[in-house]
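The structure appears right after this line, and notes come after that.
No lab work stands behind these numbers, since they all come straight from the coordinates. Note that the coordinates shown come from a computational prediction; the quantities given were computed from them, not determined experimentally. Cβ atoms come from the backbone with ideal geometry, glycine included; neighbour counts cover every protein chain shown.
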Amino acid sequence: MDRIRIVGGNELHGVIPISGAKNAALPLMIASLLTDDTLTLENVPHLADVEQLIRILGNHGADISVNGRRERQGESYARTIHFTSRNIVSTTAPYELVSKMRASFWVIGPLLAREGKARVSLPGGCAIGTRPVDLFIDGLTALGANIEIDGGYVNATVPAGGLVGGRYVFPKVSVGATHVLMMAATLANGTTVLGNAAREPEVVDLAKCLNAMGAKITGQGTNTITVEGVPSLSGARHRVLPDRIETGTYAMAVAMAGGDVILEDTDASLLETALEAIRRTGAEISETNSGIRIVRSGAGIKPVDIVTDPFPGFPTDLQAQFMGLMTKSSGVSHITETIFENRFMHVQELARLGAKISLSGQTAKVEGVSRLKGAPVMATDLRASVSLVIAGLAAEGETMVSRVYHLDRGFERLEEKLTRCGAHVERVSD
Ligand code: UD1
């Protein structure tokens, strides 16, 4: 199994191209099931989760062709992928496929809207909390679906005549449930109003693509989304928006290791809250024509408290990385996680590098130390694993991160992007 070996101490200097967002690409790919026409997605990142979803969509009958051409010689690895689901050949998403990735559960929305039935295994994914599916079930029920759970599967059917528009107010903000209800409502009879909807940029990106396919969605980016149902959707061409989590991760890597890096093909407006927190640690951040420049020179890392929140708050997917950065701050910081329970598995691994962190409920108290020392550590989930890489960049000596398949789910060519900026990071295959 692959491991990542990091020798800490080098500053980062250069340019890092930011990939298309994994969390936008996945729902966009799933949206292709809503039409018998071709949906073409540009800027799709090459990640294990994308490959897994390609297998899942293939199982439902999608024909998928990948154009592997690099968009810009030597700089970007994005791919253009064409999805055509002329006929849905199966409305079942089996346990073997869905258990590997939670987002694959989201096929329930398009399958139900287009075929009137879906049988989807309860999901898997990162082990961060219990992650139930009650909001999906309640929301789809509000659109007229009949749903029962049996033997680990969600069985959903729609009475003759199809889904009907309705009003549903999410009791809790959920990105996935917002994606699914928005997709399902595009083909419902009548108008659907979704209250307390997620405002994440990936929701806006999905709405933009669905509208290009002929849907009538308004209010995306606010907490009330209105979807006027249409009889059918057509194909479209859509470019996946930049990955704000990858952007924030590399910005924190520079804030940690020091240096001067341009993050290319991204957009500061996607992560204002996180960039502001990084600025307060002492790094300078400015916008360039094609992205963001981040500089940290000389001065130490100041302690900054953060609380995770739905967008536009501080993203939970950057919490672990920020904790990695705070391990070397010049004081005490508090990091509070409000989205997921059990999202502190990186704490004990960071401690192996010499970090001083204590947990009290959903808050971690991080007492900055002047030096971290490299050690063998284990990746426990996708975002936790990259926090270990960030800490390793500023640790003395060698840090060996095992179980890097977690990293491969969400970070495209991480070692290559960091190495090009002067870091000593390599993949070791046993
Ligand atoms: C998405 C992201 C993930 C990110 C998360 C929060 C993708 C592929 N994944 O995950 O990276 O960390 O948003 O920004 O886009 N919940 C319920 N019942 C439900 C659904 C969710 O209680 O039916 C809870 C969850 O347990 C969690 C909270 O709602 O506590 C938010 O989860 P949600 O926004 O749904 O996360 P995902 O869409 O799975």
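For the chain, averaging the sequence separation of C-alpha pairs within contact (under 8 Å, six or more residues apart) and dividing by the residue count gives a relative contact order of 21 percent. Summing charges over all other residues whose Cβ lies under 15 Å from the Cβ of Ala156, with Lys and Arg as +1 and Asp and Glu as -1, gives -2. Annotation for the range 295-378: trypsin sites (Lys or Arg not before Pro) lying in DSSP loop with at most 12 further Cβ atoms inside 10 Å of their Cβ are Arg371. Of the beta bridges in the chain, as assigned by DSSP with both residues counted there, near 70 percent are antiparallel. Full extension of the chain segment joining Thr141 with Glu396 gains 86.3 nm, where the gain is 0.36 nm per residue of separation less the Cα-Cα distance.
Within the shell of other residues whose beta carbon sits under 9 angstrom from the beta carbon of Thr380, the net charge comes to -1, with Lys and Arg scored +1 and Asp and Glu -1.
Annotation: amide H-H contacts under 5 Å for Val428 (H modelled 1.01 Å from N, sequence separation of 5 or more, or interchain): Arg3, Ile4, Arg5.
Rg and Dmax of the range 145-240, based on Cα coordinates, read 13.6, 39 Å.
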